[in-house]
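Remarks on the structure that follows.
The values are calculated or read from the model by the stated rules, or taken from the named source; none is laboratory data. Note that the structure is predicted; figures quoted are calculated from it, not measured. With ideal geometry, Cβ positions are generated from the backbone for all residues, glycine too; neighbour counts draw on all protein chains shown.
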């Protein structure tokens, strides 16, 4: 079956540096993508989303880039802070099923002081 | 808090026990979901309820039995579980299903289940 995945299970960055978390998807019919943040002991939280008719979308300190040619999604976090430490995972929406979302496994972002 | 409350937060049970997980949402949403989150695996959708009616059951074993008495409450009844069922069980809610709900899917903190 088609799946959403992440390139790296763990990413360690220095506080203040920028972080880039990657996600590969394989369903070319997916037309909507979401990034979630899951802190220890908490449920996933919506960070930012992007539709397939866009290449880039910016939020507060976060930017999502979508490259439909290579089916690649990335989340950039600027000036990382200790509170950014969490597991980040992407999800793609392809319209199938009641929720239509397929989730990736997640990347654990560790912020070094 | 996120508006979705799950209890208990931690549960340890034997394979012959019967227990239940509870979820309550205070957001006025019409759809509620159960997800399973295992270590190093993606979130797996188990059940979806829309307006208290089950609309999806993703080939979940019958030892998991959901119940949605009203649009604010969702239960997951557990009986004769296996050790491989140990995982974090997440409840979520959204205004509706499909793409109209995907971007406002709100998760609870989860119930960590350990089956001995």
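Going by the structure shown, is residue A:50 farther than 26 Å from residue B:33 by Cα and modelled with pLDDT of 95 or more? Against the criterion (farther than 26 Å from residue B:33 by Cα and modelled with pLDDT of 95 or more), residue A:50 does not qualify. The criterion of at least 3 residues that are within 13 Å of another protein chain (Cβ to nearest Cβ) and either under 15 Å from the mean Cα position of the chain (by Cα) or modelled with pLDDT of 90 or more (or both) is met, among strands (runs of 3 or more DSSP E) falling completely within segment B:38-101, by B:44-50, B:53-57, B:87-94. Checked against the criterion of being in contact (Cβ under 8 Å) with a residue 24 or more places away in the chain, within 9 Å of chain A (Cβ to nearest Cβ), surrounded by 20 or more Cβ atoms within 10 Å (Cβ to Cβ) and closer than 19 Å to residue B:112 by Cβ, segment B:25-35 contains one or more residues that satisfy it.
Go through segment A:73-110 and report how many residues are more than 12 Å from chain B (Cβ to nearest Cβ) and out of contact with any strand residue (DSSP E or B) (no Cβ under 6 Å at 6 or more places or on another chain). Give the derivation first.
Here is the first cut: in segment A:73-110, the residues more than 12 Å from chain B (Cβ to nearest Cβ) are A:73-86, A:88, A:109-110.
Filter again for out of contact with any strand residue (DSSP E or B) (no Cβ under 6 Å at 6 or more places or on another chain), leaving A:78-79, A:81, A:83.
Of the residues in that region, 4 qualify.
The set of residues in segment B:4-24 that are within 14 Å of another protein chain (Cβ to nearest Cβ) and surrounded by fewer than 21 Cβ atoms within 10 Å (Cβ to Cβ) comprises B:5, B:7, B:8, B:9, B:10, B:24.
Within segment A:21-43, restricting attention to residues that are in contact (Cβ under 8 Å) with a residue 24 or more places away in the chain and surrounded by fewer than 14 Cβ atoms within 10 Å (Cβ to Cβ), the residue that is nearest to residue A:109 (Cα to Cα) is A:40.
From the list A:51, A:57, A:61, which residue is within 11 Å of chain B (Cβ to nearest Cβ), out of contact with any helix residue (DSSP H, G or I) (no Cβ under 6 Å at 6 or more places or on another chain) and closer than 27 Å to residue B:106 by Cβ? So that I can check it myself, show each step before the final result.
On the way: A:57 fails: within 11 Å of chain B (Cβ to nearest Cβ); A:61 fails: within 11 Å of chain B (Cβ to nearest Cβ).
Answer to the check: A:51.
Suppose we filter segment A:71-113 for residues that are in contact (Cβ under 8 Å) with a residue 40 or more places away in the chain and either touching a helix residue (DSSP H, G or I) at 6+ places or on another chain (Cβ under 9 Å) or part of a loop (DSSP other than H, G, I, E, B) (or both); how many remain? Residues flagged as in contact (Cβ under 8 Å) with a residue 40 or more places away in the chain and either touching a helix residue (DSSP H, G or I) at 6+ places or on another chain (Cβ under 9 Å) or part of a loop (DSSP other than H, G, I, E, B) (or both) within segment A:71-113 amount to 18.
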